[in-house]
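Please read the structure below before turning to the comments.
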There are 4 protein chains.
Amino acid sequence: MPASVRPPRPTRAEFVHWTTSTTRWADMDGFGHMNNARYFELIDTAIDLHLQDAIGGAVDTLDQIGLFAEIGCRFFQEVGYPAPIDLGVVADHVGRSSIIYRVGFFQGGSEEAAAEGRAVMVYVDNTDPARPSTALPDVVRRAAESVRG
Amino acid sequence: MPASVRPPRPTRAEFVHWTTSTTRWADMDGFGHMNNARYFELIDTAIDLHLQDAIGGAVDTLDQIGLFAEIGCRFFQEVGYPAPIDLGVVADHVGRSSIIYRVGFFQGGSEEAAAEGRAVMVYVDNTDPARPSTALPDVVRRAAESVRG
Amino acid sequence: MPASVRPPRPTRAEFVHWTTSTTRWADMDGFGHMNNARYFELIDTAIDLHLQDAIGGAVDTLDQIGLFAEIGCRFFQEVGYPAPIDLGVVADHVGRSSIIYRVGFFQGGSEEAAAEGRAVMVYVDNTDPARPSTALPDVVRRAAESVRG
Amino acid sequence: MPASVRPPRPTRAEFVHWTTSTTRWADMDGFGHMNNARYFELIDTAIDLHLQDAIGGAVDTLDQIGLFAEIGCRFFQEVGYPAPIDLGVVADHVGRSSIIYRVGFFQGGSEEAAAEGRAVMVYVDNTDPARPSTALPDVVRRAAESVRG
């Protein structure tokens, strides 16, 4: 993507729900920084913890589950072990059956994100083996609205 | 992204370099399919194996290393353990200091991708602790050109 | 354990069931060899693939599941990416409700193992939330007997 | 191992150095509890954090590095996401070139460990490609002595 249209590096002020995740020695790759796949372990955890905080155990009893249709991450600055990482979550879009989340990575007190995840979550009917898309459950919609930017 | 502008599901014919990766029990998550972070372990391996096939051990002696500026994955159909996954690599764009790769996931003989990764790799000068971006090393550029779509 | 009582480094001849697993860039740690946790992803996969080869889909319909009571690995020589790893499985002990497996790691044609996993698997009744231990299902017992050393 | 000789389930009082690690959605496997390989990510992190607390950045400038010769884990009770896990470290043995650590896993305030890791760490000379074993660096020996049980 040309630099001119690349979205700017986000700051803490853009995010609504926060959690802090510890890092692990195994997060580091052969170059001595966090392996790219590990960022995605933190992205889905940050989104899920927002959901658990908003909904509680109710999420486990729903017939609908949220699956990622698309997920990505932009990397601005390396993060690494052993410092913990602050993860901020915001919902950019809440649709009929999908939610677009962004997750900001902040390490060491910086106001500017070291990385930014973006996830398109689609709700499907888990009672049907074909898992067709379905409207957001009300509790999920309310949770997502509570973290709108 | 609205369905109307979402790029179509890719097919095997779009990819140039191929590798096959075995799957692991630990790849599966609580929903019984491949955890989203695990896709990214396969994306960077597929790209790296293409580089190794094209360049060989030479890549380890370069002063420049390729880092991901951005990486993402679109999910079309679940993949899982224990079947292996065919991974196709194509370079969509080869710039002065960056390459955009796509990686297709194919499991079980299907012609249509189960998922598609997209990675923006930027080369940096690893001899400078600030790791500034640098022109693609010639061997890397030639390797990338050899997998143009 | 004193060197004098440490079991010797095993060889390919000791193992019965074989599978080959590809390695991943993310398997490497900050020291440039396979992170110790990754060995355990291959240990449980090797054991499970033996079970699937012996039993097939039947394992998924059983009311009993095998859980690890104890698992370990001895490391003799580094293994790493990108070469694949041959994994050999043998059952050292088949008891009333438990099986002790060993898994040998071989990379690059060596006759001597680079590492050896050891796993104590206990079968539990998955229909009871307390998951009490239970006798090995007959199909599991026959499978384990088929890979006795 | 017969139950009669199996070491008892350890308690918090046996451990000296403590850290708390957050858990991740990706830690869970297809059975809905922590995948066995993930325990080992926490074991080496707990040991390394003890070292960093005792030695600080000095560990990165040493010519010697500690490698695992053997590592294992006994599982007593399932742990899982999303609660954090308290990890206790104790050195059972400090030898000329090796240290035997135990790491206790405690979740949810229980006094009894949910799991116990055991790691045999051997120091090697990292300036020699053959990585021969070497005497413990003084700072490492003092650190290990400070967490003797």
- Could you pull the copy-to-copy label distances for C:G108, with points set 7 Å along Cα to Cβ, in nm to one decimal and sorted shortest first? 3.6, 3.8, 4.6
- Quick one: net charge around B:W25, please, counting Lys, Arg +1 and Asp, Glu -1 for every other residue with C-beta under 11 Å from its C-beta. -4
- Helical mean residue ellipticity (222 nm; -39500 (n - 2.57) per DSSP H run of 4+; nearest 500) of chain D: -6000 deg cm²/dmol
- Of the heavy-atom accessible surface of the range C:12-145 (probe 1.4 angstrom), what whole percent is carbon and sulfur? 48 percent
- Sorted shortest first, the nm distances from the D:Q77 label point (7 Å along Cα→Cβ) to its counterparts in the other copies are 4.2, 4.3, 4.5
- Message: Under a crude label model (7 Å from the Cα following the beta-carbon direction), how far is D:E112 from D:R148 in nanometres?
- Response: 3.1 nm
- Message: For Cα pairs less than 8 Å apart in space and 6+ apart in sequence, what is the mean separation divided by the residue count of chain C, i.e. the relative contact order in percent?
- Response: 30 percent
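Per residue, how much accessible surface does chain A expose to a 1.4 Å probe? Answer in Å², no decimals.
Per-residue value: 40 Å².
Would the range D:12-145 count as rounded, prolate or oblate if I go by the C-alpha gyration tensor, calling it rounded below 1.5 in a/c and otherwise prolate when a/b exceeds b/c, oblate otherwise?
Prolate.
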- Does anyone have the angle between helix D:36-55 and the longest principal axis of chain D? Alpha-carbon axes, 0 to 90°, nearest 10? 50 degrees
- Here, C:T11 and B:D60, labelled 7 Å along Cα→Cβ, have an inter-label distance in nm of 2.9 nm
- Query: If you take the accessible area of B alone, add that of D alone, and subtract the area of the pair, what total do you get in Å², probe 1.4 Å, to the nearest 100?
  - Reply: 700 Å²
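Just add up the charged neighbours of B:D92: K/R +1, D/E -1, any other residue whose Cβ is under 9 Å from the Cβ of B:D92. Intermediate values should be presented prior to the final figure.
Values: positive: B:R102, B:R118, B:R148; negative: none.
Neighbourhood net charge equals +3.
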- Along Cα→Cβ at 7 Å, what distances in nm separate the C:R96 label point from those on the other copies, shortest first? 4.6, 6.0, 7.5
- Specify, for chain D, the residue whose C-beta is closest to the rotation axis mapping it onto chain C, with the distance given in whole Å. D:G72, 1
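The values are calculated or read from the model by the stated rules, or taken from the named source; none is laboratory data. Bear in mind the structure is a predicted one, so any value in this text is a computation, not a measurement. Heads up, the Cβs are rebuilt from the backbone with ideal geometry, glycines too, and the neighbour counts pull from every protein chain shown. The area values use the complete protein model at the heavy-atom level, side chains included, leaving out ligands, DNA and RNA. Shrake-Rupley method; radii C 1.70, N 1.55, O 1.52, S 1.80 Å.
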